[in-house]
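Student: What follows is a single structure, and I will ask about it in a moment.
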Amino acid sequence: MDNQKTTKNSPEKVKLEIEKKYYWCTCGLSTKQPFCDGTHKVKGEFRPMHFDVSEQKEYFLCNCKKTKNPPFCDGSHK
C-alpha cells in the first residue's frame, strides 16, 4: 500500500455513531475523504477499511494515510 495518495496533512473531525458501519478510504482517491466512495475500484489495488465505534462521539480520522492506528489519527502527519 505504498501508492496511497495523501489527501491532506491534518485529521478530519467527524461525529460517529454506534451500530453503524463505516468504511475508511485507504487509497486517498475518494472524493468523500476520509470515507470511501468506491474510487479505489478503478486502480484495483486498494480495499476500504471497515470499522465501527463503541461510543457515539467525535473522532479524528486520518487523512494523510500514515497513521499506525487506522482509521484514527495518531499524529503521524506532523
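Values quoted throughout were computed directly from the atomic coordinates according to the rules given, and no laboratory measurement underlies them. Treat the numbers as computed from the prediction; the structure is a model and nothing was measured. No Cβ is skipped: glycine too gets one built from the backbone with ideal geometry, and neighbour counts run over all protein chains shown.
Student: Order of Glu17, Glu12, Glu55 from fewest to most other C-beta atoms within 10 Å?
Tutor: Working: Glu17 11, Glu12 16, Glu55 8.
The most exposed by this proxy come first: Glu55, Glu17, Glu12.
Student: So between Lys57 and Glu17, what do we pick up on full extension, going 0.36 nm a residue minus the alpha carbon distance?
Tutor: So the chain would gain 13.7 nm between Lys57 and Glu17.
Student: Along the positive direction of the dipole of the chain (beta-carbon charges: Lys, Arg +1; Asp, Glu -1; about the Cα centre), which of Val53, Phe35, His77 reaches farthest?
Tutor: Highest projection toward the positive end goes to His77.
Student: Take the Cα atoms of the chain, build their convex hull, and give its volume per residue in Å³.
Tutor: 82
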